[in-house]
Amino acid sequence: DGGDMEDLASALARMAVGDAAVATRADEAVRPLVHLLELGSKRGKQEAAGALRCLCAVGDQMKYAVAREGAFEPLVKLLSTGTIKAKEEALSVLWQLVAMMAESNVDVNVSPGPAADIAALLTSGVETVAAAAAGILKLCAIAEA
């Protein structure tokens with residue numbers, strides 16, 4: 001059920017932070033986490049974004065897995081629908097993905113709708129959220145140049 005998926009995402013995030021070996025073998029969990037991002041409850045989406053943040057911190061291989069599974073769009077959607085914590089988690093994952101793409105010379109194309117969602121966070125009143133949003137927009141601008 002949904003509560004079990006939320007608890008699983010939360011546990012995976014805690015394990016990935018504590019043990020890089022766990023995180024590197026967790027790439028099979030990325031697809032279910034993206035699914036939870038798309039269809040989960042508010043808590044489930046927040047936990048999924050948190051788990052993806054921890055997994056992305058392991059390295060580029062995990063970031064590629066997250067990008068490949070289509071996490072970008074549901075993460076951007078979470079920016080306008082999630083709790084403050086969910087937004088912070090989503091921004092952290094997006095920051096890591098966009099930075100990896102920019103470093104790898106991969107085009108970072110953000111369509112107007114998601115770009116507007118990210119830009120709206122600049123005035124969210126939450127300093128960490130606004131700073132992360134500014135960083136993502138800056139990375140997108142650099143990649144476009």
| task | Enumerate the calculated ³J(HN,Hα) couplings along the range 68-80 in order (Karplus 6.51 cos²θ - 1.76 cosθ + 1.60, θ = phi - 60°), each rounded to whole Hz, writing x wherever the residue is Gly or Pro. | result | 4, 7, x, 6, 4, 4, x, 5, 5, 4, 4, 5, 9
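Could you calculate the contour length gain from residue 31 to residue 134, that is, 0.36 nm times the residue separation minus the distance between their Cα atoms, to one decimal place in nm?
On the way: separation 103, 0.36 × 103 = 37.08 nm, distance 2.79 nm.
The residue 31-residue 134 span can extend by a further 34.3 nm.
Read the figures in this text as sums done on the coordinates, not as results from a lab. The structure presented is a predicted model; accordingly, all values stated were derived computationally and were not measured.
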